[in-house]
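The values are calculated or read from the model by the stated rules, or taken from the named source; none is laboratory data. Just so you know, these numbers come straight off a predicted model, no measurement behind them. All Cβ positions, even for glycine, are placed from backbone atoms using ideal geometry, and neighbour counts span all protein chains on display. SASA here: full protein model, heavy atoms, side chains in, ligands and nucleic acids out. Shrake-Rupley method; radii C 1.70, N 1.55, O 1.52, S 1.80 Å.
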Amino acid sequence: MKAHPSALVDPGASLADDVVVGPFCVIGAGVSIGPGCTLGPRVTMQGRVVIGRGNVFHPHSQVGTPGGGRIEIGDGNVFRESSHVDAAPGTSTRLGSRNRLGAWAGVSSGSTVGDDVRLGAFSTVGENGIVEDEAWIEGQCVLDANRRIGRAALIRSQVPVNEDVPPFMCIDGNPSGVQSVNPHRRNHLLDIAFEIVYKSGLSFSEAAAQLIEKVGPSPEVEALAEFLKTARPLEAALD
Amino acid sequence: MPIHPSAIVEPGARIHASAEIGPFCVVGPKVTIGPGTRLVQGVTIIGRTTIGARNLIHPGCVIGGDPQDLKFKGEDSTTVIGDENVIREGVTINKGTMSGGGQTVIGNRNMLMSLAHVAHDCVVEDNCILANAVLLAGHVRIESAAILSGWVVVHHFATVGQHAFIGGASRVNQDAPPFMILQGMEGQVRGVNSVGLKRRGFKPEAINALKDAYRIVWRSGLPKPEALSEVEKSFGQFPEIRTLIEFLRGSDLGHMGRRRESRRPAPAPTAPPPEPEEDIE
């Protein structure tokens with residue numbers, strides 16, 4: 001461990017040999033940091049925190065609170081300035097690998113974030129939220145608590161998310177709504193599936209039952225149907 | 001050179017004798033700080049960053065950090081800040097990327113309020129105001145004397161024209177024309193920034209010509225090229241109108257209504273899947 005003399009690293013913390021700890025960092029007891037991690041100036045980590053390999057923590061980023069729940073972070077994540085990951089006592093928060101959190105972005109307690117997720121500046125994942133792999137949340141978005149964001153979904157900037165967003169879909173507007181297929185993942189089958197789910201007046205469960213039959217088998221459509229079986233549309237989500 | 005004993009100034013940093021570095025600041029080895037600039041407390045300045053004279057930088061700012069861009073491969077790009085800027089608490093300014101010009105620039109006499117974020121390769125000219133939590137994506141240009149209200153988001157490669165005023169919590173997805181007021185989720189043009197122009201000493205005739213131009217371009221329903229040539233014919237003697245017309249034609253030359261899109265580096269021909277090349281704003 002290469003810690004700057006001004007950093008406060010608790011003897012109870014376990015840091016790999018090549019971790020770089022910048023000036024004024026505070027690392028509490030019970031924090032475990034894997035090899036290759038870099039902590040910029042003034043990073044705070046406290047509570048029960050387990051961090052994998054090769055993560056980069058930029059200045060002022062913060063993981064956990066003293067006496068908080070368990071936080072697990074995978075490998076190769078980037079935490080930008082003042083981003084924060086929280087876990088209230090009795091909850092556990094998990095982040096996968098290769099996620100990128102923008103400045104002031106936050107992951108609230110009890111949330112689960114997959115791999116390759118981009119969380120833009122100022123965006124916040126609400127409590128107990130689930131963000132699946134490759135989802136892209138742009139800047140200044142607010143995700144209500146208990147919402148689920150499907151794989152490779154796109155959430156445009158400044159959008160309040162009040163409902164579950166199915167995989168490969170794009171949500172936009174204020175008040176927000178699913179507007180189209182994620183333009184980066186668009187294909188013919190997903191376009192037809194979007195029409196069935198959002199333009200035909202069917203409920204999510206009815207649409208899920210018909211999707212494979214009407215659109216034809218494709219891994220993306222199957223993932224969409226699977227998600228819709230448990231997803232809650234806006235009306236149910238607001239109850 | 002008043003450097004507080006608790007501040008960490010790495011060897012190699014060039015700090016002018018009259019600059020003031022407050023407690024718990026961190027100044028990296030490639031940083032240059034000019035005369036009279038004051039870092040209040042807990043400011044982090046890293047990367048190859050040059051800061052001019054008489055700037056006031058409040059607690060918690062991080063200036064010159066790595067760009068949030070997937071194309072960035074650790075190159076030694078720069079951040080340049082001019083004179084007499086006020087940078088409030090928690091502002092983040094990232095350095096440039098080589099594919100985008102390699103430089104993030106803040107001009108002179110700007111005010112960046114709390115939590116504003118200036119991403120890689122942005123240019124903020126002079127006398128601009130970025131209110132709280134304004135979010136500039138990469139490669140954005142903010143021209144002189146523009147005002148961005150709180151929580152405004154600017155799309156990457158967009159340009160905000162000179163003396164434009166962007167209303168609170170708006171999204172600027174396309175170029176914002178100079179001298180206009182924009183507001184709304186799609187950055188709609190709502191009128192002429194006549195109050196701002198009057199305060200800055202623009203002539204009443206010029207402001208009236210801009211109002212007429214606004215009606216012709218955005219309210220008459222004419223196709224844009226025809227509307228622009230009509231405005232040029234009727235009011236072409238005003239330099240403000242010529243600036244506006246040039247700006248609007250330039251936006252059409254770009255892509256998606258953003259002139260600076262033409263600066264977007266072409267994807268390498270050997271890489272078949274065009275990676276969505278955004279940064280994470």
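So the values come out like this:
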item	result
Taking the stretch A:104-239 and dividing mean pair separation by its residue count, relative contact order in percent (alpha carbons under 8 Å, at least six apart)	15 percent
Alpha-carbon Rg/Rh ratio, for the stretch A:100-152, with Rh computed the Kirkwood way	0.91
Candidate residues B:Arg215, B:Arg264: accessible-area rank, largest first, probe 1.4 Å	B:Arg215, B:Arg264
Residues losing 30 Å² or more accessible surface upon assembly, the stretch B:1-44, compared with the chain by itself, 1.4 Å	B:Ile8, B:Phe24, B:Val26, B:Thr44
Relative intensity, log₁₀ I(q)/I(0), of the stretch A:102-239 from a Debye sum that treats every alpha carbon as a point, q = 0.12, 0.14, 0.17, 0.22 Å⁻¹	-0.42, -0.57, -0.84, -1.37
Amide N of the stretch B:43-64 lying under 18 Å from the label point, which is placed 7 angstrom from the Cα of B:His4 along Cα→Cβ	B:43-46, B:55-63
Listed peptides B:134-144, B:181-191, A:70-80 by packing density, highest first (mean Cβ within 10 Å)	B:134-144, A:70-80, B:181-191
Debye equation applied to the C-alpha atoms of the stretch A:29-182, log10 I(q)/I(0) at 0.18, 0.21 Å⁻¹	-0.96, -1.26
Loss of accessible area when A meets B, both sides summed, Å² nearest 100, probe 1.4 Å	2700 Å²
For the stretch A:1-47, residues shielded by at least 20 square angstrom of accessible area compared with the chain on its own, probe 1.4 Å	A:His4, A:Pro23, A:Phe24, A:Pro41, A:Arg42
Probe 1.4 Å, accessible area per residue of the protein assembly as shown, Å²	40 Å²
Coarse-grained scattering of the stretch B:72-203 at q = 0.09 Å⁻¹, given as base-10 log I(q)/I(0) from a Debye sum over alpha-carbon atoms	-0.23
Peptides B:165-177, B:238-250 ordered by average Cβ neighbours within 10 Å, highest first	B:165-177, B:238-250
The protein assembly as shown shape via C-alpha gyration tensor axes, a/c threshold 1.5	oblate
Kirkwood estimate for the stretch B:132-281, i.e. one over the average of 1/r between Cα atoms, Å	16.1 Å
Projected-area average for the stretch B:189-253 over all orientations - Cα convex hull basis, square nanometres	4.2 nm²
Complex-versus-alone comparison for the stretch B:60-108, residues with a loss of 30 Å² or more in accessible area, probe 1.4 Å	B:Val62, B:Asp66, B:Gln68, B:Leu70, B:Thr92
Rg(Cα)/(2.2 N^0.38 Å) for the stretch A:1-114, N = residue count	0.92
The protein assembly as shown, helix-only ellipticity at 222 nm - DSSP H runs n ≥ 4, -39,500 (n - 2.57), divided by all residues, nearest 500	-4500 deg cm²/dmol
Surface/4 estimate of mean projected area, convex hull on alpha-carbon atoms of chain B, nm²	15.7 nm²
Neighbourhood charge, 12 Å Cβ-Cβ cut-off, centred on A:Gly54 and excluding it, Lys, Arg +1 and Asp, Glu -1	0
Sulfur and carbon atoms: percent of accessible area, the protein assembly as shown [1.4 Å]	53 percent
The stretch B:1-135 - Kirkwood radius from inverse mean 1/r over Cα pairs (Å)	14.3 Å
Rg followed by Dmax, in Å, when the stretch A:78-128 is reduced to its Cα trace	10.0, 28
Protection proxy ranking of A:116-126, B:58-68 - average other beta-carbon atoms within 10 Å, highest first	A:116-126, B:58-68
Mean separation of Cα contacts under 8 Å, 6 or more apart, over the residue count of chain B: relative contact order %	9 percent
Nearest-ten-degree value, helix B:224-235 long axis tilted from longest Cα axis of chain B	80 degrees
